[in-house]
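Before any comments, here is the structure.
What follows draws every value from the coordinates through simple rules; no lab data is involved. Keep in mind the model is a prediction, meaning the values are calculated, not measured. Using ideal geometry, Cβ is built from the backbone for each residue, glycine included, and neighbour counts are taken over all protein chains shown.
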Amino acid sequence: MKHCLVLVIVFSLLVGASLLASESVYDDLTLFIQQVVEAGDIDTLVGIHFHLADTESADSGYRDLNLKARIIMVGGEDFYIEFLEPDELSKIALVYLIREEVVFSVVDGDPWKQYKSTYQTDFIAKLIEDFFSGLLDSRNFTWTVSTEEERRIYMIDPSEQRLKVLGLLGGGGYLPNLMHIHVSLLRKEGCFPKIEYVKITDRVGDEYLLIEIEEFKTVVDRSIFTELRSKYYETFQK
């Protein structure tokens with residue numbers, strides 16, 4: 001895959017913010033995205049919380065699932081995600097190496113299973129590109145900003161009028177058009193904005209995915225990928 005999926009996302013948001021608003025309230029979002037794009041490296045610790053309808057429950061309740069993961073990207077290319085919680089996933093990691101065009105899993109420090117990734121990643125990249133094309137179309141969504149003393153929350157909400165035109169209110173149609181996406185950035189005078197969380201909810205707000213950013217750095221020890229490449233090539237010698 002020629003372009004990292006993460007960079008597709010951040011470039012899309014940067015263009016969207018520039019096109020959809022020229023007000024200073026978008027400066028924090030633009031500065032954050034520019035910082036990530038220019039650095040090309042990310043090392044972040046995230047908590048991921050799912051709150052989903054329990055389809056197997058007779059009383060139409062909800063089920064919560066919590067994960068913690070470390071995500072590393074270098075040069076907008078190689079990608080690594082290591083699961084830290086829950087315990088059942090704590091020794092599992094996934095790796096994408098762009099030069100080798102391979103995705104493989106690591107279990108307890110050892111490569112376990114691998115997949116040639118050209119077709120799959122190109123397919124996913126196309127889906128993400130289509131998703132953000134729809135997201136940045138002002139006919140589908142509205143962009144608003146809530147400013148607090150220490151944070152700004154960027155709210156991307158579906159257009160009710162557009163949903164009616166597309167006939168999506170009955171529960172069918174293109175999934176992204178049914179989402180609310182809220183991005184919170186912490187603000188401090190003289191510092192780059194820091195991302196606090198991303199929250200994606202369904203149209204009525206009952207189900208959601210919340211990604212809380214516990215640590216976020218744009219300086220990465222790249223030796224981790226040198227070691228992962230060595231482990232990958234060692235599998236051919238066994």
Expected unfolding gain across residue 63-residue 81 under the 0.36 nm per residue rule, minus the alpha-carbon gap, is 4.1 nm
Environment charge at residue 99 (Cβ cut-off 11 Å; Lys +1, Arg +1, Asp -1, Glu -1)
-3
Once phi for every residue in region 81-93 is put through the Karplus expression 6.51 cos²θ - 1.76 cosθ + 1.60 (θ = phi - 60°), the whole-Hz ³J(HN,Hα) values, with Gly and Pro written as x, are 10, 10, 7, 10, 9, x, 4, 5, 10, 5, 10, 10, 9
Amide H contacts of residue 142 (H built 1.01 Å from N, under 5 Å, at least 5 apart or other chain):
157, 159
Projected label distance in nm at residue 55 and residue 218, using a 7 Å step from Cα toward the beta-carbon
4.1 nm
Using a simple spin-label model with points 7 Å from Cα along the Cα→Cβ vector, what separation in nm is obtained for residue 142 and residue 38?
3.4 nm
